[in-house]
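Notes to accompany the following structure.
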Amino acid sequence: MQPSSSITVRVPAKVNVQLAVGGRRADGFHGVSSVFFAVGLYDLVTVTPADRLRITVAGADAEQVPADATNLAAKAALLLAARHGIEPKAHLHIDKGIPVAGGMAGGSADGAAALVGCDALWGTGADRAVLLELAAELGSDVPFSLLGGVALGEGRGERLTPVPTGGGFHWVFAVADGGLSTPAVYGECDRLRDLTTGSSDADVPVPAADPALLEALRTGDAGALGATLRNDLQAAALSLRPSLADTLRAGTEAGAIGALVSGSGPTCAFVAKDAAAADALAAALTASGTCRSARVAEGPVPGAVVV
């Protein structure tokens, strides 16, 4: 069942252009209404025949990525193999281009890429519906990494509806030193809410997509998109990492037409009016000293694909 050649899958990062977070449910999860947007920062996952499951990682901050069974790519391979009753024999090599622990779903992207790559390597013939089902078992962000483009995620984020877009958008991502733990950011969100309205699902409005943001995406209006960006986790991320406020301010002062913390952070995302403005914004952010690096990307782009 195993061809001799390796399979390489390219998978993009995501930014949440909207992340509306509901209250904490009895099961500990939070309902969300999240508009995912896939951008052209990529991980490459290469899957090669092997006598056992093995993970290796290279690229920026590779030492922070687990190379064991806790890696979502390993979990994806194990899950796909179990579904088809085969041994998970593969070497998965991850070349990181997506910021690690940066709120851009790099781990989820690797899980999606591993599903696609192992399916191709092992000839399991899983269709898109099966891959999406397995992806949802792996984590809330993994299905979108398969789909790409722009999509509304509901439930825990795993129920996806494609969102039409009227063109491309230009982004700059300010990468911070170190990461932020997603569970810690959600916990801080609950703590901050408990200081005011309460954090249970009875205390917080049911999250819903913003019609103005969806219209901005449909028409390809970068200015309108920038004005409607929303992240309910941003206050928590800023509470845990106050220096991010300096990064957001530096980008805004340098001409960004929209700014927010991406997902659970600490990467900050900025909308630029065009490619030249994005390049200038990245240079200004780098010179500001408020981030480790600034990276330019366009989107939306497709999800995980064999290259």
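The values are calculated or read from the model by the stated rules, or taken from the named source; none is laboratory data. Here the structure is a predicted model, which is why all the values come from computation and not from measurement. Note that each Cβ is placed from the backbone with ideal geometry, even for glycine, and that neighbours are counted across all protein chains shown.
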Note to self: Among (1) over 30 Å from Pro242 (Cα atoms); (2) in the same structural domain as Asp246 (by TED's automatic domain parsing); (3) under 15 Å from the mean Cα position of the chain (by Cα), there is one condition Leu138 misses while meeting the rest; what is its number?
What the structure shows: (2)
Next item on the list: Report, by residue number, each residue of the stretch 157-181 that is crowded, with 18+ Cβ neighbours inside 10 Å and within 26 Å of Ala76 (Cα to Cα).
Entry: Gly157, Glu158, Leu160, Gly179, Leu180
Note to self: If a residue must be touching a helix residue (DSSP H, G or I) at 6+ places or on another chain (Cβ under 8 Å) and either part of a helix (DSSP H, G or I) or within 25 Å of Glu188 (Cβ to Cβ) (or both), how many such residues does the stretch 257-294 contain?
What the structure shows: 16
Check: What pairs come up if the first residue lies in the stretch 202-226 and is over 18 Å from His170 (Cβ atoms), the second is exposed (fewer than 14 other Cβ atoms within 10 Å of the Cβ), and their beta carbons are under 9 Å apart, counting only those six or more places apart or on different chains?
Finding: Asp203/Asp194; Asp203/Thr197; Val204/Thr197; Leu214/Pro164
Note to self: Give all pairs with beta carbons closer than 8 Å in which a residue from the stretch 171-192 that is without any contact (Cβ under 8 Å) to a residue 40 or more places away in the chain meets a residue that is surrounded by 13 or more Cβ atoms within 10 Å (Cβ to Cβ) and among the charged types (D, E, K, R); count only pairs at least 6 apart in sequence or on separate chains.
What the structure shows: none
Notebook entry, point to check: All but one of (1) crowded, with 20+ Cβ neighbours inside 10 Å; (2) farther than 16 Å from Gly157 by Cα; (3) of a type in the set (Gly, Ala, Ser) hold for Gly103; which doesn't?
Noted result: (2)
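When the residues of the stretch 48-71 are narrowed to those that are in contact (Cβ under 8 Å) with a residue 24 or more places away in the chain and charged (D, E, K, R), which ends up farthest from Gly117 (Cα to Cα)?
Residues of the stretch 48-71 in contact (Cβ under 8 Å) with a residue 24 or more places away in the chain: 48-62, 64-65, 71.
Imposing the further condition that a residue be charged (D, E, K, R) reduces the set to 51-52, 54, 61.
Details: Asp51: 17, Arg52: 16, Arg54: 14, Asp61: 23 Å.
Among them, the one singled out is Asp61.
Of the residues that sit in the stretch 287-307 and are among the polar types (S, T, N, Q) and crowded, with 17+ Cβ neighbours inside 10 Å, which one is nearest to Leu152 (Cα to Cα)? Steps first, please.
Of the residues in the stretch 287-307, the ones among the polar types (S, T, N, Q) are 288, 290, 293.
Remaining after also requiring crowded, with 17+ Cβ neighbours inside 10 Å: 288, 290.
Numbers: Ser288: 34, Thr290: 31 Å.
Out of the qualifying residues, it is Thr290.
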